[in-house]
Amino acid sequence: MQTISQIYQAEIKIKKSTFLAFICPFDAFDSLLENLKKEHTKAVHFVWAYRFLNKFHQIVEDKNDDGEPKGTSALPSLNVLRGVELVNVAVIIVRYFGGIKLGTGGLVRAYSEAVNAAVAKAVLIPLKEQIKISIALKFLSRFEYFLNKNKIYFKKEFKENEVLLLIDVESKQKENFKQFSQKFNAIFM
């Protein structure tokens, strides 16, 4: 899975209609949508879709066609996000109608192309999950060695008889780390 850390924009024109696609971190979605509606008062549609991980690490998705025919705009936009495995990301497409109807197939292609153009401009970064783990002080050096050897970023907080490690780990590293941790009766928080 991948994510982004800032807002990216792309513009395409199809049969006199203009499609402005904005891809953003999910945390910025509400404010960006509000700002775009204020900024683009003559736009006819504000189509959006998003995907994020909830606290149980499940992917939550939602979308809105904003008056476009059902299934012709938000679903194709969401499918682009799915296709490149983007999470904790939202996309908003602002459409200025150019007077020529595109038909259902044309709309699907236009919205997909707009989102693909924004994704192409984005810097995609691997999604990292933060794990909190409590370990006994006597095992700290072994954990530090393992984390450094595997190039896993971590911070330490010293408690009375233990250390709390805050670890940023990619999904592919997570299982190796959990297997290593089990040998030392580490407590995941």
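The values are calculated or read from the model by the stated rules, or taken from the named source; none is laboratory data. If you're wondering where the values come from, they're calculated on a predicted model, not measured in any experiment. Here Cβ is always computed from backbone atoms with ideal geometry, including for glycine, and neighbour counts include all displayed protein chains. What goes into the accessible areas is simple: the full protein's heavy atoms, side chains included, and nothing from ligands, DNA or RNA. Shrake-Rupley method; radii C 1.70, N 1.55, O 1.52, S 1.80 Å.
Worth pointing out:
- Residue in region 4-14 that is in contact with a Gly (Cβ under 8 Å, 6 or more places away or on another chain), closer than 13 Å to L107 by Cα and hydrophobic (A, V, I, L, M, F, W, C) present: yes
- One residue stands out in region 122-153 among those that are at pLDDT 80 or above and in a strand (DSSP E or B): the one that is surrounded by the most Cβ atoms within 10 Å (Cβ to Cβ), namely P126.
- Every residue from region 79-114 that is farther than 14 Å from I4 by Cα and among the hydrophobic types (A, V, I, L, M, F, W, C): V80, I92, I93, V94, F97, I100, L102, L107, V108, A110, A114
- The one condition in (1) in a helix (DSSP H, G or I); (2) of a type outside the set (A, V, I, L, M); (3) open to solvent by 50 Å² or more (accessible area, probe 1.4 Å); (4) closer than 20 Å to K13 by Cα that K101 fails to fulfil: (1)
- Test for F22: is it aromatic (F, W, Y), open to solvent by less than 40 Å² (accessible area, probe 1.4 Å) and in a strand (DSSP E or B): yes
- Of everything listed in (1) in contact (Cβ under 8 Å) with a residue 24 or more places away in the chain; (2) on the phi < 0 side of the Ramachandran plot, the single unmet condition for E34 is (1).
- Test: N116 is at pLDDT below 85, open to solvent by 60 Å² or more (accessible area, probe 1.4 Å) and polar (S, T, N, Q): no
- Meets criteria (open to solvent by 80 Å² or more (accessible area, probe 1.4 Å), modelled with pLDDT of 95 or more and within 18 Å of Y111 (Cβ to Cβ)) for E61: no
- Annotation note: of V91, V80, the sole residue that is farther than 20 Å from K15 by Cα, in contact (Cβ under 8 Å) with a residue 40 or more places away in the chain and aliphatic (A, V, I, L, M) is V91.
- Region 33-58 - residue that is open to solvent by less than 60 Å² (accessible area, probe 1.4 Å) and not hydrophobic (A, V, I, L, M, F, W, C) and, of those, nearest to Y96 (Cα to Cα): H45
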